[in-house]
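A short reminder: the numbers here are calculations on the coordinates, not readings from a lab. Please read all numbers here as calculations on a predicted model, not as lab measurements. Virtual Cβ from ideal backbone geometry, glycine too; neighbours counted across all protein chains shown.
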Amino acid sequence: MVVRDRRRIDPETGERRSPADGEQPAGGQTEEVTESMSGTLDDELAQVADESGDSGESEQAGEQDELQRRVDELTADLKRVTAEYANYRKRVDRDRESVIESAKASVAGELLPVLDDLERAESHGDLTGPFKAVADKLTSSLGSAGLESFGQEGEEFDPSVHEAVQHGTSPEVAGPTVTTVLRRGYRLGEKVLRSAMVAVTDYEPEQPEDSPAADSPAGDQPDVVDADGDPAREG
């Protein structure tokens, strides 16, 4: 058995050895070892690169999912805040309109007696000259603010806007009808400030002239009774 020391450094002297004849390693063997080592290294590098690429893609996908989730959350928050602000503006506008209408109704309600006096003065012919000009300006200003009068003779009776203080019957009407306006009513927009005070006439069929009811209405004459309390008989 032959053992050859192929170490390039002499362990005793520490000097570099020169290859002896016949001890030079074969070039094919060196190339095979180099190629083997190179191939193994390339495979390992390729494997590491693949693993690194897969890991990078996975991390990138995770980051994109996290960013998309955050964008969705912020978008939902923005939509909610926008809706809340829109509702707030609608509520503020509605409250503002309500306050304005209440203020108008309060002022107009205080001026209704003045309008009644002006209407009576006009009916008596006293609304003339500068006084009439002032009255016309006041009526026009209240009309521009939305004040509207109602209650006319001949219109159908409506208990929601009419206050009936007198009642009669007549065959000349088809149903409950306003025949006399005692005090005009007023509304501001959809709000009724004061009901109209009226006299109402209801329909009643006309009675024939020769009917007993027409000659002697029931209940007008007291009943005649005898001493025992029974109805008396004539003749």
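Relative to the Cα centre, what is the charge dipole magnitude of the range 86-133, using +1 at the beta carbon of each Lys and Arg, -1 at the beta carbon of each Asp and Glu, and rounding to the nearest 20 debye? Please list the in-between numbers first.
Numbers: 8 positive and 10 negative charges, 107 e Å.
With only Lys, Arg, Asp and Glu charged at Cβ, the dipole is about 520 debye.
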What are the residues whose amide H is under 5 Å from the amide H of Arg194, where those residues sit 5 or more places off or on another chain and H is modelled from the backbone?
Tyr186
Taking amide hydrogens as modeled 1.01 Å from N in the peptide plane, which residues meet the under 5 Å criterion relative to Val161, leaving out close sequence neighbours?
none
Below 29 Å, Cα to Cα, which lysines can Lys191 reach? Residues fewer than 8 away in the same chain don't count.
Lys90, Lys104, Lys132, Lys137
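Efficiency by 1/(1 + (r/R0)^6): what FRET value for Leu111 and Asn87, r their Cβ-Cβ distance, R0 = 45 Å, to the nearest 0.05?
Numbers: r = 37 Å, r/R0 = 0.81.
The pair Leu111/Asn87 has a calculated efficiency of 0.75.
Express the relative contact order of the range 155-198 as a whole percentage, based on alpha carbon pairs under 8 Å and six or more residues apart in sequence.
Values: 56 pairs, mean separation 20.9, N = 44.
For the range 155-198, the relative contact order is 47 percent.
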At 7 Å along Cα-to-Cβ for each site, give me the label-to-label distance between Ala164 and Arg69 in nm.
7.3 nm
